[in-house]
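Computed from the coordinates by the stated procedures, all read-outs in this text should not be read as laboratory data. Keep in mind that what you see is a predicted model, and the values were worked out from it rather than measured. Cβ sites come from the backbone with ideal geometry, for glycine too, and all protein chains shown count toward neighbours.
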Amino acid sequence: MFNPILEELNYSIISHGGHQLNVEKRFQEYFSKKKDTVIRSFLWDVPGFRRWRVTRMDAGDKLQVLNSVAYPNFSNEQPILGIDLLWFGKKGKLVAVLDFQPLIQKDHYFRRYFEGLKTLKKNYPEFYSNKEMNLYDSKQYFSPWVLFYVGDGNNLKYSLREVFKDFLDTYWLINTLPEQNYKNLTPNKIKELHISYDSYNAEIDPAHALFKSYFGKQWADDFVQEFLFPNSINRK
């Protein structure tokens with residue numbers, strides 16, 4: 001289900017100067033005990049970003065997952081890129097969460113970095129889900145214009161790949177914003193906010209329970225803390 005989306009993501013990263021990095025073997029590829037599910041993870045070195053990770057989980061018709069988070073350098077206050085896609089094949093159900101995840105919830109920050117996402121939200125009205133994102137505080141690390149879809153993935157008016165490509169292209173445009181008289185967050189403050197982001201997500205991310213059910217508690221704990229959100233245990 002998500003292979004074309006992963007291809008689109010890889011192409012976009014490479015076209016912006018990204019190079020793949022080595023991933024620790026136990027996180028690079030891991031199979032469930034029944035050998036019917038595999039999870040693979042990737043790291044990218046991308047100009048302007050201190051960490052860009054991608055995870056692809058394949059449990060056949062039961063579940064498909066694609067997740068990616070991109071952290072800009074500490075000298076760059078732009079939002080964190082957040083991608084969460086889940087496909088329940090037997091039910092035909094798609095859950096999609098695409099967002100520029102804000103470091104701060106301030107109007108001046110939104111005005112500078114979110115005009116493109118606001119336009120996307122208008123262009124893709126199907127991504128106006130009425131459902132709440134359970135567990136998460138939507139006012140903490142999500143923007144007011146998060147693209148959120150829950151429903152039959154076969155009934156989308158636009159292809160998911162089309163929406164995804166527009167989403168990525170809009171995010172890259174943030175890097176081309178002209179310099180202007182704007183009160184920037186300091187690198188130390190940005191680092192502090194990135195650490196808070198990791199700490200919050202390591203504690204509340206529902207994927208932890210999912211990984212534990214497929215791959216066991218110890219591996220899931222290590223994966224969440226050491227690969228997905230390493231700053232949750234590195235507070236210095």
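For the pairs Lys25/Lys165; Lys33/Lys91; Lys165/Lys191; Lys62/Lys121, flag any whose C-alpha to C-alpha distance is greater than 26 Å.
Too far apart for the 26 Å limit: Lys25/Lys165; Lys165/Lys191; Lys62/Lys121.
For volume of the Cα convex hull per residue in Å³, several values are listed as (1) 131; (2) 114; (3) 122; flag the one computed from this structure.
So the structure-derived entry is (3).
Determine the equivalent ellipsoid of the stretch 151-236 by diagonalising the alpha-carbon gyration tensor, then write out the semi-axes as square roots of 5 times the eigenvalues, largest first, rounded to whole Å.
29, 27, 9
Considering the chain as a Gaussian network with a 10 Å cut-off on Cα pairs, which listed residue, Tyr214, Tyr171, Tyr11, attains the greatest mean-square fluctuation?
Tyr11
In the stretch 3-232, with Lys and Arg counted as +1 and Asp and Glu as -1 at Cβ, which of these residues, Ser213, Leu66, Gly116, has the Cα nearest the positive end of the dipole, that is, farthest along it?
Of the options given, the answer is Ser213.
Check the straight Cα-Cα distances from Lys157 and name the aspartates and glutamates below 18 Å, setting aside those fewer than 8 residues away within the same chain.
Cross-link targets: Glu126, Asp166.
Roughly speaking, what is the centre-to-centre gap between the stretch 1-51 and the stretch 146-209 when only Cα atoms are used, to the nearest Å?
Computed from Cα coordinates, the inter-centre distance equals 17 Å.
Suppose every K and R has +1 on its Cβ and every D and E has -1 on its Cβ; what is the size of the dipole of the chain about the Cα centre, in Debye to the nearest 20?
300 debye
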